[in-house]
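The values are calculated or read from the model by the stated rules, or taken from the named source; none is laboratory data. From a predicted model like this one, the values you see are computed outputs, not experimental measurements. Every residue, glycine as well, gets a Cβ built from its backbone with ideal geometry; the counts of neighbours run over all protein chains shown. Calculation scope for accessible area: heavy atoms of the full protein, side chains included, ligands and nucleic acids excluded. Shrake-Rupley method; radii C 1.70, N 1.55, O 1.52, S 1.80 Å.
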Amino acid sequence: MEALRATYGDDDSSDSDSDHSPPLSFPANSNPQTEETLSSALPPPPVSLLHPPNSLGSLDYLQTGQPSRVRSFPHVEGNYALHVYIPVFIPSISKKEMGQFLKRVSSVVPNLHVVDIDIPLNTLCKEEHKLEQVALGREFHISLGRTVPIRVHQIDSIVAMLRQKLQFQKRYWIDFNKWEVFVNDDRTRTFLSLEVVTGGLPEITKQIQAVNEVYKLHNLPEFYKDPRPHISLAWALGDVSGSLKKVVEQETKSSAFRGSLQSRICTSKVGGIECKIGNRTHIICKSPDQ
């Protein structure tokens, strides 16, 4: 799918951080064909190729009932979306318990979708391996700055300054201690997230301050005054934070995740910082192995 998106995907100048191309559809067999077309057409591929062993199987559920999302900012020709973040991967040892938690929450709040790929969470919950592979096996992001539109002439300057400010970064561990619910600024989406409350918080806070300095020099809006670093795993349309928080609190109390500052839902080691501008990802820094 990534190869298809690279070939037919969004324009590099797009400033959208949330819109996706419509799902691919196959041409109907009812279209009339000429004799020349019939004689030169290749036979259809085997059905097994459409659903390889590691695929999600039928994608019918992606083509119906897709929720419509609202842009974080209006599209302007020539703008690029800027996002600075720490890439995070969930360790295999934590996926089973986290998957069970997501399954319980999804059974009560059925309109949750997996972040970025927008697959209904309750669909993945039907098969445990798909839940762990798709919902928990991908790259997550801890934002170090707001996602904002920038102009093409700002790109080189922003990337250079970010690298200068963040070039000397040691590896450190991040502890995700708490399930939390967040709502975006315009209250069009609600997120189920894992928050960093203790381990790694001082280091992330310093990195946010460095990114803020670069943003300020380019007249870009700084990050939240009291940042709460987190990764988002699922989202729902609109502001459903009240009902989702109740479910999360109930499930947290009844599960292995007690929500205390000492507990760890999962732990991840920071390997570097990246910056995505439009469709291109820039490596800002890589932490040395030590």
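Condition check ((1) within 18 Å of residue 176 (Cα to Cα); (2) aromatic (Phe, Trp, Tyr)) across all residues:
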{"site": "196", "(1), (2)": "yes, no"}
{"site": "200", "(1), (2)": "yes, no"}
{"site": "207", "(1), (2)": "yes, no"}
{"site": "212", "(1), (2)": "no, no"}
{"site": "215", "(1), (2)": "no, yes"}
{"site": "225", "(1), (2)": "no, no"}
{"site": "231", "(1), (2)": "yes, no"}
{"site": "240", "(1), (2)": "no, no"}
{"site": "244", "(1), (2)": "no, no"}
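For residue 96, the conditions (1) in contact (Cβ under 8 Å) with a residue 40 or more places away in the chain; (2) over 12 Å from the mean Cα position of the chain (by Cα); (3) farther than 18 Å from residue 237 by Cβ; (4) open to solvent by 60 Å² or more (accessible area, probe 1.4 Å) are fulfilled apart from (1). Suppose the filter is of a type in the set (Val, Ile, Thr) and within 30 Å of residue 210 (Cβ to Cβ); does residue 123 pass it? Taking the combined requirement at face value, the residue does not satisfy it. Here residue 123 fulfils each of the conditions (1) among the hydroxyl-bearing types (Ser, Thr, Tyr); (2) out of contact with any Phe, Trp or Tyr (no Cβ under 9 Å at 6 or more places or on another chain); (3) in contact (Cβ under 8 Å) with a residue 60 or more places away in the chain apart from (2). Here the stretch 147-180 is the region considered, the condition is being in a strand (DSSP E or B) and among the hydrophobic types (A, V, I, L, M, F, W, C), and the residue that is farthest from residue 118 (Cα to Cα) is 173.
If I ask for residues that are of a type outside the set (A, V, I, L, M, F, W, C) and surrounded by 14 or more Cβ atoms within 10 Å (Cβ to Cβ), which ones from the stretch 154-178 would you list? Walk me through it before giving the result.
Filtering the stretch 154-178 down to residues of a type outside the set (A, V, I, L, M, F, W, C) leaves 154, 156-157, 163-165, 167, 169-172, 175, 177-178.
Answer for the stretch 154-178, where residues must be of a type outside the set (A, V, I, L, M, F, W, C) and surrounded by 14 or more Cβ atoms within 10 Å (Cβ to Cβ): 154, 163, 165, 169, 171, 175, 177, 178.
Residues that are in contact (Cβ under 8 Å) with a residue 24 or more places away in the chain and either surrounded by fewer than 16 Cβ atoms within 10 Å (Cβ to Cβ) or closer than 30 Å to residue 92 by Cα (or both) within the stretch 139-153 comprise 139, 140, 141, 142, 143, 144, 145, 146, 147, 151, 152, listed in sequence order.
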